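Single-structure report; data block below.
The values are calculated or read from the model by the stated rules, or taken from the named source; none is laboratory data. As the structure is a computational prediction, the values presented were derived from the model and not from experiment. Neighbour counts run over all protein chains shown; Cβ positions are idealised from the backbone, glycine included.
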Amino acid sequence: MTSAAASTKAGRVRQAVLDDILSGALAPGTPLDEVALARQHDVSRTPVREALRALQADGLLEVGPRRQLLVVDVSPEHRSEVTALRVALEGAASAAACERRDDDDLDRLELLLLKQGRAAAAGDAETYLRLDEEFHLALAGAARMPTLSRMLEQLGAFVRLARLGEATTVAHMHGLTIEHTELVDHLRSRRPARLRTALTAHIGRTEPRG
């Protein structure tokens with residue numbers, strides 16, 4: 001097997017395991033067995049080992065008491081840390097986003113708002129939460145700060161993990177969309193201080209909207 005082929009297989013296994021983690025199919029604390037995963041994905045243990053190393057490096061797997069790799073458990077302290085990082089990173093992008101944003105950025109965000117409205121009306125929480133992540137990445141992306149955007153993409157997995165098991169009602173989705181609309185209004189009007197204040201409140205608020 002070439003190294004390129006091994007990497008391709010490792011990438012496929014990594015994505016499959018990641019999808020299972022983020023969907024809750026692999027619950028926090030679940031041990032991952034190389035032999036079982038190799039059999040499940042019809043590959044040797046080498047790409048499985050590479051995939052698991054990558055997920056561990058991303059912080060999604062941790063070493064258990066018997067040296068087994070376990071799906072990470074997002075504790076309340078971990079959730080608070082992720083929230084604080086989002087506030088810091090997205091807030092840091094506010095001033096640059098207001099200065100550098102163009103009409104394409106605004107059009108992209110307006111389209112996401114329309115899609116969020118449709119998902120909320122349909123009660124489609126899974127689609128809505130995916131659009132919510134896209135919205136925040138697009139908002140930060142207007143700052144043209146690629147390193148910051150990459151860090152936010154990495155945090156996205158932990159944001160989704162923290163939401164597992166939480167009910168996302170239609171009222172909550174509509175409430176989020178109203179707040180997103182306010183953020184876009186501040187961006188359009190180039191009001192960095194107001195955008196940062198509204199973002200901080202929006203990200204830090206944990207109670208249901210609506």
Checked 119, 125 against criteria (touching a Phe, Trp or Tyr at 6+ places or on another chain (Cβ under 6 Å), small (Gly, Ala, Ser), under 14 Å from residue 176 (Cα atoms) and touching a residue at least 24 places away in the same chain (Cβ under 8 Å)); the one match is 119
Residues of the stretch 53-71 being under 16 Å from residue 154 (Cα atoms) and either in contact with a His (Cβ under 6 Å, 6 or more places away or on another chain) or of a type outside the set (Gly, Ala, Ser) (or both), which ones? 53, 55, 56, 58, 60, 61
Looking only at the stretch 144-155, decide whether some residue is in contact with an Asp or Glu (Cβ under 8 Å, 6 or more places away or on another chain) and surrounded by fewer than 19 Cβ atoms within 10 Å (Cβ to Cβ). yes
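For every residue, the table says whether it meets (1) small (Gly, Ala, Ser); (2) on the phi < 0 side of the Ramachandran plot.
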residue	(1), (2)
25	yes, yes
29	yes, no
35	no, yes
42	no, no
50	no, yes
53	no, yes
66	no, yes
72	no, yes
Would you say residue 31 is under 30 Å from residue 127 (Cα atoms) and either of a type in the set (Ser, Thr, Tyr) or out of contact with any His (no Cβ under 8 Å at 6 or more places or on another chain) (or both)? yes
Residue satisfying condition, being of a type outside the set (Phe, Trp, Tyr), over 14 Å from the mean Cα position of the chain (by Cα) and within 20 Å of residue 88 (Cα to Cα), within set 184, 170: 184
Restrict the check to the stretch 19-31 and report whether at least one residue is touching a residue at least 24 places away in the same chain (Cβ under 8 Å) and in a helix (DSSP H, G or I). yes
In this structure, does residue 141 turn out to be surrounded by 17 or more Cβ atoms within 10 Å (Cβ to Cβ) and either over 15 Å from the mean Cα position of the chain (by Cα) or in the same structural domain as residue 180 (by TED's automatic domain parsing) (or both)? yes
Elements of type helices (runs of 4 or more DSSP H) contained in the stretch 136-210, each with 2 or more residues being among the hydroxyl-bearing types (Ser, Thr, Tyr) and touching a residue at least 24 places away in the same chain (Cβ under 8 Å): 170-188
